[in-house]
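Structure, as structure tokens:
The values are calculated or read from the model by the stated rules, or taken from the named source; none is laboratory data. Bear in mind the structure is a predicted one, so any value in this text is a computation, not a measurement. Neighbour counts run over all protein chains shown; Cβ positions are idealised from the backbone, glycine included. The area values use the complete protein model at the heavy-atom level, side chains included, leaving out ligands, DNA and RNA. Shrake-Rupley method; radii C 1.70, N 1.55, O 1.52, S 1.80 Å.
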Amino acid sequence: QVQLVESGGGLVQAGDSLRLSCAASGRTFSNYAMGWFRQAPGEEREFVAAIAWSNTLYADSVRGRFAISRDNAKNMVYLQMSSLKPEDTAVYYCGAKRYSGGGLAGGYNYWGQGTQVTVSS
């Protein structure tokens with residue numbers, strides 16, 4: 001069982017930066033792929049970024065603006081968001097799944113409670 005807790009959301013202006021953090025429980029954190037997803041009002045949850053081993057994957061809409069990283073010693077994963085746009089406004093969720101290779105954009109079965117990011121124009 002993995003428990004995830006996100007933090008770092010808030011209200012920022014367009015062009016600002018923000019860093020989200022996700023704290024994970026468990027002793028085998030390095031064996032998990034970690035992903036960030038977001039859900040805007042009235043929209044489905046969408047993939048944002050993921051990291052596993054030394055591999056990263058980004059959605060086209062955030063590539064070059066967002067950076068995902070992890071600290072396996074601290075059981076933490078981060079999402080550094082730069083050049084934020086109003087369309088980045090959403091609840092951001094941290095997800096985890098046991099990883100043995102393969103795709104990173106789906107198949108997550110552990111979720112945090114989410115953290116709100118609001119970008120004003």
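Does ASP71 fit the bill of being at pLDDT 95 or above, acidic (Asp, Glu) and open to solvent by less than 50 Å² (accessible area, probe 1.4 Å)? Walk me through it before giving the result.
Working: at pLDDT 95 or above: yes; acidic (Asp, Glu): yes; open to solvent by less than 50 Å² (accessible area, probe 1.4 Å): yes.
Considered against the rule, which asks whether it is at pLDDT 95 or above, acidic (Asp, Glu) and open to solvent by less than 50 Å² (accessible area, probe 1.4 Å), ASP71 comes out as yes.
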For ILE51, which of the numbered conditions (1) part of a strand (DSSP E or B); (2) under 15 Å from ALA96 (Cα atoms); (3) open to solvent by 20 Å² or more (accessible area, probe 1.4 Å) fails to hold?
(3)
Considering the stretch 79-104 alone, what residues qualify as being open to solvent by less than 30 Å² (accessible area, probe 1.4 Å) and either more than 13 Å from SER7 (Cα to Cα) or without any contact (Cβ under 8 Å) to a residue 12 or more places away in the chain (or both)?
MET81, LEU84, ASP88, ALA90, GLY95, ALA96, LYS97, TYR99, LEU104
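Which residues, taken from the stretch 6-36, are assigned to a strand (DSSP E or B), aliphatic (A, V, I, L, M) and touching a Ser or Thr at 6+ places or on another chain (Cβ under 8 Å)?
Initial filter on the stretch 6-36 (assigned to a strand (DSSP E or B)): 6-7, 10-13, 18-24, 32-36.
Filter again for aliphatic (A, V, I, L, M), leaving 11-12, 18, 20, 23-24, 33-34.
Those that are assigned to a strand (DSSP E or B), aliphatic (A, V, I, L, M) and touching a Ser or Thr at 6+ places or on another chain (Cβ under 8 Å): LEU11, VAL12, LEU20, ALA23.
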